[in-house]
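The values are calculated or read from the model by the stated rules, or taken from the named source; none is laboratory data. These numbers were taken from a predicted model, which means no experiment stands behind them. In this analysis, Cβ positions are derived from the backbone assuming ideal geometry, glycine residues included, and neighbour counts consider all displayed protein chains. Note: areas computed on protein heavy atoms with side chains; ligands, DNA, RNA excluded. Shrake-Rupley method; radii C 1.70, N 1.55, O 1.52, S 1.80 Å.
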Amino acid sequence: MSYLNNNTGYRETLLSTRSVYKKGKYTILEPDGIVKNVIPGYENCDTTILGSPAMGASFADYISTVHPGGKNDKIGGDGIESFLYVISGELTVKNADKEADLTEGGYIYSPADKPFSFVNNSDKDAFVYIYRRRYNPLPGKEAYTVVANINDTPWKDYEGMTNCQSKDFLPAAEDLGFDMNMHVLKFAPGACHGYIETHIQEHGAYFLQGKGMYVLDDEWIPLQKGDYVFMDSYVPQACYGVGTEDFIYIYSKDCNRDVEL
């Protein structure tokens, strides 16, 4: 399944978009307006750059449809930590520590000194989310390779609310070697954050299911499956799940480091 824009050619209606770019605050990219980027290393893949330093982010993240035989022989390394999550399909991933066949829900985190590769050995497309960031080392601590499937991790109540639940991909809460984490957050219809958050951490969020109303800065904005949002430091943020199914998204968060002066 491809989530990239395939609506090319003439339109019957006037051009319109829900995408918004407010540098220093937030960015929204809806799937209808995103484009395929030519990126060295991605072979037989339709890949879109989502967040980037050009947007104001300290990281880069992507979505990619990996066709049968599609691959990338090197992601990360040379000081760049990296993460890949399989939204649908199957991929084989490998770094210096581990090799694994990932199915839907599978993921790999590879530390900054260990680039990883992927290849689609199946006969169907795989759709993946990828994240890269320059690692911020902490003396005496280091991150390590993590390969798992998020479907094997139980949901936990989010800040005491039973209709809002989360999962952590990485052990950043217990291990200061990790300077970032990935999470998946689920809101039942009508569920919401307990308060409007305002914090130094950045987020890149890709919406996997359902619909929601998100407050970003001072605006309430409708979002849905396939949308992407970058939230810069200190932008007020919170959401409600709306509609008839759970509202679910994966998002990144930098953590475990002091402010650099």
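General remarks:
- The numbered conditions (1) buried (at least 16 other Cβ atoms within 10 Å of the Cβ); (2) among the charged types (D, E, K, R); (3) in a loop (DSSP other than H, G, I, E, B) are all true for ASP61 except (3).
- Only one of the listed residues (ASP175, ASP218) is open to solvent by 10 Å² or more (accessible area, probe 1.4 Å), more than 19 Å from the chain's Cα centre (by Cα), over 25 Å from SER110 (Cβ atoms) and of a type in the set (Asp, Glu). That residue is ASP218.
- Taken over the range 128-151, the criterion of being charged (D, E, K, R), without any contact (Cβ under 8 Å) to a residue 40 or more places away in the chain and either at positive phi or not in a loop (DSSP other than H, G, I, E, B) (or both) is satisfied by LYS141 alone.
- Near pairs, Cβ below 7 angstrom, 6+ apart or cross-chain, from the range 182-197 (free of Cβ contacts under 8 Å to residues at least 40 places away in the same chain) to any residue that is open to solvent by 20 Å² or more (accessible area, probe 1.4 Å) and assigned to a loop (DSSP other than H, G, I, E, B): GLY194/GLU159
- Contact annotation: residue pairs with Cβ atoms under 6 Å, 6 or more positions apart or on different chains, pairing a residue in the range 73-86 that is in a strand (DSSP E or B) with a partner that is among the polar types (S, T, N, Q), are ASP73/SER117; ILE75/SER82; SER82/SER110.
- Residue count, the range 43-52 (criterion: open to solvent by less than 90 Å² (accessible area, probe 1.4 Å) and either over 18 Å from the mean Cα position of the chain (by Cα) or not hydroxyl-bearing (Ser, Thr, Tyr) (or both)): 6
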